[in-house]
Amino acid sequence: MRIRTIKPEMWESRSFGRVSAHARLLFLACISAADDEGLVPWDAHFAKSKAFAYDDVSIEQVHEWMRELADTDLVHVYSAHGDEYAWLVKFRKHQRIDRPSPSKRPLPEFDDGFIQAVLSRDDHVCPKCQTRIAEPGHSQLHTKDAKSKELRIAQSRVDQPSHVVAVHDTCGSKNRPQAVTTADEQLPMAVGEQAPAPRSRAVRTP
């Protein structure tokens with residue numbers, strides 16, 4: 001368990017307020033139990049030991065409270081290596097972590113549910129054009145390259161969830177390499193001669 005921040009806005013959240021009191025307590029325990037990426041084992045026995053260690057509640061009851069949370073936009077539940085985990089979707093938006101450590105837990109696959117969670121976290125706004133992304137199918141997942149700091153195509157179960165953003169298909173296509181001709185190849189073409197086979201090189205459009 002870690003020291004985490006509970007902001008006043010949480011108590012005004014409709015998603016948080018619409019679940020039962022036990023589910024809300026469970027979610028608060030998950031915040032303390034999550035790693036720096038907001039990933040936590042999604043297991044009823046684990047949850048009971050963290051949130052209800054001194055309460056007379058059954059595993060079946062804990063399962064029910066977990067289902068309540070899974071039906072909200074607060075968590076994204078996924079499977080990996082035969083176990084279930086949850087990503088607390090807005091965890092890094094509310095936690096100030098000095099020198100965060102990459103998660104050692106299995107990372108989520110980039111399925112429709114994960115894309116929807118990323119869009120929900122970022123209010124469906126494309127970070128490149130600052131306009132709304134209406135549907136997950138109209139977007140691509142990108143992440144910042146550690147060296148160039150430019151956006152690149154994200155890799156499922158490799159890139160940390162907090163680094164992944166959803167951009168419009170049209171915005172994402174601007175990051176793809178294009179083939180261009182050199183000045184030596186352009187001169188014969190200008191005078192009507194047969195140009196040699198182009199030697200393409202990959203460049204990025206601005």
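Quick one: would you say ARG18 is of a type in the set (Lys, Arg), over 18 Å from ARG96 (Cβ atoms) and surrounded by fewer than 17 Cβ atoms within 10 Å (Cβ to Cβ)? It would help to see each step written out before you state the result.
Values: of a type in the set (Lys, Arg): yes; over 18 Å from ARG96 (Cβ atoms): yes; surrounded by fewer than 17 Cβ atoms within 10 Å (Cβ to Cβ): yes.
For ARG18, the condition - of a type in the set (Lys, Arg), over 18 Å from ARG96 (Cβ atoms) and surrounded by fewer than 17 Cβ atoms within 10 Å (Cβ to Cβ) - is met.
Considering every residue within region 51-65, establish whether at least one is touching a strand residue (DSSP E or B) at 6+ places or on another chain (Cβ under 6 Å) and not in a helix (DSSP H, G or I). Lay out the reasoning, then the answer.
Step one: list which residues in region 51-65 are touching a strand residue (DSSP E or B) at 6+ places or on another chain (Cβ under 6 Å), which gives none.
The answer is no; no qualifying residue exists.
Just give me the residues in region 4-28 being outside any loop (DSSP other than H, G, I, E, B), among the aliphatic types (A, V, I, L, M) and over 18 Å from GLY38 (Cα atoms), in sequence order.
Keep residues of region 4-28 that are outside any loop (DSSP other than H, G, I, E, B), which gives 8-12, 14-17, 21-28.
Now narrow it down to the ones that are among the aliphatic types (A, V, I, L, M): 10, 21, 23, 25-26, 28.
Listed by number, the list holds a single entry, ALA21.
Yes or no, residue by residue, for (1) outside the structural domain of ALA23 (by TED's automatic domain parsing); (2) not aromatic (Phe, Trp, Tyr):
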{"site": "TRP65", "(1), (2)": "no, no"}
{"site": "TYR78", "(1), (2)": "no, no"}
{"site": "TYR85", "(1), (2)": "no, no"}
{"site": "VAL89", "(1), (2)": "no, yes"}
{"site": "CYS126", "(1), (2)": "yes, yes"}
{"site": "ARG132", "(1), (2)": "yes, yes"}
{"site": "SER156", "(1), (2)": "yes, yes"}
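Which is among the aromatic types (Phe, Trp, Tyr) and either over 25 Å from ARG18 (Cα atoms) or modelled with pLDDT under 95 (or both), of PHE91, PHE110, PHE114?
Working: PHE91 fails: either over 25 Å from ARG18 (Cα atoms) or modelled with pLDDT under 95 (or both); PHE114 fails: either over 25 Å from ARG18 (Cα atoms) or modelled with pLDDT under 95 (or both).
Result: PHE110 is the single residue among PHE91, PHE110, PHE114 that is among the aromatic types (Phe, Trp, Tyr) and either over 25 Å from ARG18 (Cα atoms) or modelled with pLDDT under 95 (or both).
Looking at region 69-81, can you tell me whether even one residue there is assigned to a helix (DSSP H, G or I), out of contact with any helix residue (DSSP H, G or I) (no Cβ under 6 Å at 6 or more places or on another chain), modelled with pLDDT of 95 or more and of a type in the set (Phe, Trp, Tyr)?
Within region 69-81, the subset assigned to a helix (DSSP H, G or I) is 69-70.
Now narrow it down to the ones that are out of contact with any helix residue (DSSP H, G or I) (no Cβ under 6 Å at 6 or more places or on another chain): 70.
If we keep only those that are modelled with pLDDT of 95 or more as well, we get 70.
Imposing the further condition that a residue be of a type in the set (Phe, Trp, Tyr) reduces the set to none.
No, region 69-81 contains no residue that is assigned to a helix (DSSP H, G or I), out of contact with any helix residue (DSSP H, G or I) (no Cβ under 6 Å at 6 or more places or on another chain), modelled with pLDDT of 95 or more and of a type in the set (Phe, Trp, Tyr).
Just to be sure, is SER58 closer than 25 Å to LYS7 by Cβ and among the polar types (S, T, N, Q)? Break it down stepwise before answering.
Values: closer than 25 Å to LYS7 by Cβ: no; among the polar types (S, T, N, Q): yes.
Taking the combined requirement at face value, the residue does not satisfy it.
Taking ASP83 as the residue in question, decide whether it is under 22 Å from VAL158 (Cα atoms), among the charged types (D, E, K, R) and over 14 Å from the mean Cα position of the chain (by Cα). Quick ask: steps written out before the conclusion?
Working: under 22 Å from VAL158 (Cα atoms): yes; among the charged types (D, E, K, R): yes; over 14 Å from the mean Cα position of the chain (by Cα): yes.
Yes.
The values are calculated or read from the model by the stated rules, or taken from the named source; none is laboratory data. Here the structure is a predicted model, which means the values were calculated and not measured. Don't worry about glycine lacking a Cβ; one is built from the backbone with ideal geometry, like all the others, and counts go over all protein chains shown.
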